[in-house]
């Protein structure tokens, strides 16, 4: 069973929570993956910049194969990338309001604003995964469980790994900020079947 200790901690920045939640959930769920060429390129650029700064520790966190593709990447680096992207995109959507303020407003907001927040978050996470992964191989039992739990049993698209990854992270976000599960179920179901992203 996966450890959810990070859910009990208080984070100064909400994007730090998203980073850790993404890292833990993806580490638990994804068994193997292939990354997009643009993500490979961005990671190589990042390593080159770090090497210029004389910080060689990064080599232990990202390993490339002989074709120059990512062979192994530390879950925390991936989580940080997702958390930073989430922070940027959601602040853009909410007209450059700070993420912590957005979260306060969602917590104190109506069910409609909470559902909208979930839909927007799903969209951001889904598009982020689309830029990172070209292929995801994941735990089939977890896929089937989440398809049942979120009324997605009819959903058989190739992107089901990305969809379930989004749901896993959104579950953590909603539990952390106190958004009811039925709102999450409604928003996710609408977003997935209506391609409302």
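The values are calculated or read from the model by the stated rules, or taken from the named source; none is laboratory data. Every value quoted in this text rests on a predicted model; they were computed, and no experiment measured them. For neighbour counting, all protein chains shown are included, and Cβ atoms are generated from backbone atoms with ideal geometry for every residue, glycine included.
Just a few scattered comments:
- Residue selection: residue 92 satisfies the criterion of being at pLDDT 95 or above, loosely packed, with under 13 Cβ neighbours inside 10 Å and part of a helix (DSSP H, G or I).
- Checking each residue in segment 118-136 for being within 19 Å of residue 28 (Cβ to Cβ) and over 11 Å from the mean Cα position of the chain (by Cα) picks out 133, 135, 136.
- Of residues in segment 95-115 being surrounded by fewer than 17 Cβ atoms within 10 Å (Cβ to Cβ) and touching a residue at least 60 places away in the same chain (Cβ under 8 Å), the one nearest to the chain's Cα centre (by Cα): 100
- Screening residue 151 with (1) part of a loop (DSSP other than H, G, I, E, B); (2) more than 30 Å from residue 37 (Cα to Cα); (3) free of Cβ contacts under 8 Å to residues at least 24 places away in the same chain gives one miss only, at (3).
- Residue in segment 11-20 that is assigned to a helix (DSSP H, G or I) and modelled with pLDDT under 90 present: no
- Residue that is nearest to residue 9 (Cα to Cα) [pool: residues in segment 154-197 that are in contact with a strand residue (DSSP E or B) (Cβ under 9 Å, 6 or more places away or on another chain) and part of a helix (DSSP H, G or I)]: 165
Here is a yes/no grid of residues against (1) in contact with a helix residue (DSSP H, G or I) (Cβ under 7 Å, 6 or more places away or on another chain); (2) surrounded by 14 or more Cβ atoms within 10 Å (Cβ to Cβ); (3) under 15 Å from residue 132 (Cα atoms):
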{"site": "11", "(1), (2), (3)": "yes, yes, no"}
{"site": "15", "(1), (2), (3)": "yes, yes, no"}
{"site": "27", "(1), (2), (3)": "yes, yes, yes"}
{"site": "35", "(1), (2), (3)": "yes, yes, yes"}
{"site": "43", "(1), (2), (3)": "no, yes, yes"}
{"site": "49", "(1), (2), (3)": "no, no, no"}
{"site": "52", "(1), (2), (3)": "no, no, no"}
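- Single residue of 121, 134 found to be surrounded by 13 or more Cβ atoms within 10 Å (Cβ to Cβ) and touching a strand residue (DSSP E or B) at 6+ places or on another chain (Cβ under 8 Å): 134
- In the set (1) in a strand (DSSP E or B); (2) surrounded by 12 or more Cβ atoms within 10 Å (Cβ to Cβ), the condition left unmet by residue 77 is number (1).
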